[in-house]
Amino acid sequence: MRLAEYDGKALLRRHGLAVPRGVLLRAGEDPPDAVADWPGLFLKAQVLEGGRGKSGLVRRLQNIAELREMRRLILATLDDADTPLLLEEAVPIAREIFIAVRVDGTRQRLEILLAAEGGENVEQSKRLARIPIEVAASATTEEIFRSAVKSFPRELAARLARYAARLPKIARQEDLQLLEINPLALTADGRFVACDAKIIVDEAAGFRHDPDDFALSRMLSERAMTAPERAARDLGFQLVETDGDVVLVTSGAGLAMLMMDLLADHGLRAASFMDNLQGAPDETMNERLQIARTLAVRPNIKAIVFQTVIASRSLAERIEALAAWITAEKLPKPLFVGLAAGHAATRTMTTEAAIERLRALGVPAFTDPVALVRATAQAVGVS
């Protein structure tokens, strides 16, 4: 779950990191009188998407008298009068710094990122320092300093190393996939202040944390869900709708990502990403197919691709359930099926027999996912 800036800064604050003073304004609310004494003001839409500055969702106020007009401009851009807004003091910045800690999924460890300048697209900078933190190790100021001193004066590098060394501990304690501060402001009087924070929490670790924490972010996540995404959650699995032309039905994130890549390689785009939910039922194939049918009705959808991998469950039962779904109602778009079954799954129906059963229903089936996607692309006229 991505945290709204307001919640992200609350997390930083409870770990002792300085953030600007700010108040959350909901629809119709006025700010407290004390904000008139702040040296400057920013008004920021609390949405979960990035790129707010480019979209006009962050506005600088010369004084509190501009609040009404700036609020109108932001809400008009969003076309949503109920979007919460963060009114925040403007921090006098002498220098902007980029600093982050993230999970390096490839190497299965944490990694500190550090750049001498903040701003957009800094992650692509060749001057971005990457400092690995092994699983069982703590971040040491000495190691961070050796990287920081290449881009900062020695005194500032030493202070920054001490600051950065705190972030992996926070990430582990809070189960964060990403903790990015951009910019980290160095103020004229020498303070570090986190002026913006992009924080992603690992939802799989939610059982370790207060379920009422980050109420704003949870509300925004709920509001951002489409009707099919919400229905899928209620049926026991996770659905993410994407801008694509093929409804993809899978179980598990790894298989879904593989199939999305294969579709893209053949000029197609997945319109759905399906994954398992923690604590959900063991079997949700029928529910996934139910949602897939509603998505496939849309005019931009060209096909449905169903890819299943079975280790020990009965292949026969899955094929018969799939056949029942196919024959229950005319399919809105062509269906293509991929099968991979272990030895235990084929005790009562072989993979070859399963393919023939589906082909008798007019549904092409394949054991090779590349052949599956290639046939889909050819059938819809992409390749």
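Every read-out reported here was derived from the displayed coordinates using simple, explicitly stated rules and does not represent laboratory data. All values reported here derive from a predicted model rather than from experimental measurement. All Cβ positions, glycine included, derive from the backbone under ideal geometry; neighbour counts span all protein chains shown.
Annotation: the residues Val47, Val297, Val149, sorted from fewest to most other C-beta atoms within 10 Å of their own C-beta, follow the order Val297, Val149, Val47.
Taking each DSSP H run with n ≥ 4 as -39500 (n - 2.57) and averaging over every residue of the chain yields -10000 deg cm²/dmol at 222 nm.
Take the Cα radius of gyration of the chain and divide it by 2.2 N^0.38 Å, N being the number of residues; the result is 1.20. Pairwise Cα distances in region 21-89 exceed 20 Å in 19 percent of cases. Relative to its Kirkwood radius, the Cα radius of gyration of region 172-266 gives an Rg/Rh of 1.09. Restricting to the chain, compute how many DSSP beta bridges are antiparallel as a %, nearest 5. The antiparallel fraction comes to roughly 75 percent. Each peptide in 33-43, 235-245 was scored by the mean count of other Cβ atoms within 10 Å over its residues; highest first, the order is 235-245, 33-43.
Between Arg72 and Asp37, how high is the FRET efficiency from 1/(1 + (r/R0)^6) when r is the Cβ-Cβ distance and R₀ = 30 Å? Nearest 0.05. That gives a FRET efficiency of 0.80. Among 183-196, 215-228, the peptide with the highest mean count of other Cβ atoms within 10 Å heads the list, and the full ranking is 183-196, 215-228.
Length available on full extension from Glu155 to Arg109: 0.36 nm per residue minus the Cα-Cα distance, which gives 13.7 nm.
Filter Lys44/Lys198; Lys54/Lys169; Lys9/Lys150 down to the pairs with a C-alpha to C-alpha distance above 25 Å, please. Over 25 Å Cα-Cα: Lys54/Lys169; Lys9/Lys150. Restricting the calculation to Cα atoms, region 226-379 yields a radius of gyration followed by a Dmax of 14.4, 40 Å. You can think of it this way: the chain between Glu320 and Ala379 has 18.8 nm of extra reach, that is 0.36 nm per residue less the Cα-Cα gap. State the antiparallel share, in %, of DSSP beta bridges confined to region 226-379, rounding to the nearest 5. If I count the DSSP bridges inside region 226-379, around 25 percent turn out antiparallel.
Ordering 104-115, 365-376 by mean Cβ neighbour count within 10 Å, with the highest value first, yields 365-376, 104-115.
Note on region 93-208: Cα convex hull, mean projected area over all directions, 7.4 nm².
Across the chain, Cα pairs under 8 Å and at least six residues apart give a relative contact order of 12 percent.
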